[in-house]
Structure formats: structure tokens, C-alpha cells
Amino acid sequence: MNPSEAFAAIALAAVACDGALDGDEAAMLRQLLEVRSPYANLGEEAMGAMFDGLLGRLSSDGWEQLLAEAAPVLSAPQQETAYAMAALLVHTNRSFKPVEQAMLQRLGELISVPPERCSQILEVMAVLHRDSLRA
């Protein structure tokens, strides 16, 4: 697995860990990747092939193994960004399930980002997704 596949694998694990690939999460995943290098320069065919491979691994090995393979491939700054993106993705559908919490916990254990920094990222995501204007 190369770094671009690893980064996408973590994002895919985030949206699929609850057993359902929600449409909003899938759209957000695509949007978040398409604005980044190297995905912005990948054609539809290459992007599709990459995700077909990752989905196959996810299906056969599960999200835990996908994370375990992907996390060590990334540098520390890439891990931090991947963690933040995963946190954003699990909040996309306004439902933060226990399995999504477990996925972020496991990812935090696999990366070199300090636990305090992971907590800060989660706090910011909670604030961003809070419906603070609801009466």
C-alpha cells in the first residue's frame, strides 16, 4: 500500500466501519479527496480502480485490518490529517455511533499523533457538528 492508497483507506474505513456506506459520507469522502494531491490529478478510472481495491480489502479483511495496514505507511503529518478527516467523515451524517468512536480510538492507537492532539481534533469536530441554533 502506498501513501495515497493508505490515506484513502483510512477515509474509507471511517465511512464504512458502521457497516453502511451512507450516501452523505460517501459524497463527503469523494469531495475531501478530490481537492487533495494526488487525487485531484487522478482520472475517474484510476480513482475507481484504487477504491475497488480498497473495497475488496475492506470486504475481505474488515476495517480494523485496513487501518492497521494503512496507518504505518503515512508520515506523522499525513497521519494527523487522515485522523482529522476520519473524524470529520464519521460526523457527516450527524450520527456518531459507538463503532465509529471505536474506529477513531483504534486509529489513534495506530498513529504517532499524541493522544492529546487526537482529543483536540475530536473536540473541534464535535463543536463543528453541534446544532447550536436548534431551539
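From 23, 43, which residue is farther than 17 Å from residue 88 by Cβ and at pLDDT below 90?
Details: 23 fails: farther than 17 Å from residue 88 by Cβ.
Step by step, each of 23, 43 is checked, and only 43 is farther than 17 Å from residue 88 by Cβ and at pLDDT below 90.
Looking only at residues of region 82-110 that are of a type in the set (D, E, K, R) and assigned to a helix (DSSP H, G or I), we find that the one that is surrounded by the most Cβ atoms within 10 Å (Cβ to Cβ) is 100.
Would you say residue 72 is in a helix (DSSP H, G or I), modelled with pLDDT of 95 or more, closer than 26 Å to residue 129 by Cβ and not charged (D, E, K, R)?
When the stated conditions are applied, residue 72 does not pass them.
Here residue 113 meets each of (1) surrounded by fewer than 19 Cβ atoms within 10 Å (Cβ to Cβ); (2) among the aliphatic types (A, V, I, L, M); (3) in a loop (DSSP other than H, G, I, E, B) with one exception, condition (1). Looking across 62, 108, one residue alone is in contact with a Cys (Cβ under 7 Å, 6 or more places away or on another chain) and more than 25 Å from residue 34 (Cβ to Cβ). It is 108. Close Cβ contacts (under 7 Å, 6 or more residues apart or on different chains) running from residues in region 87-106 that are within 11 Å of residue 18 (Cβ to Cβ) to residues that are of a type outside the set (Lys, Arg) and outside any helix (DSSP H, G or I) comprise 90/96; 93/22; 97/18; 99/17; 99/18; 100/17; 100/18; 103/17.
The values are calculated or read from the model by the stated rules, or taken from the named source; none is laboratory data. Since this is a predicted model, take the numbers as computed values, not measurements. Virtual Cβ from ideal backbone geometry, glycine too; neighbours counted across all protein chains shown.
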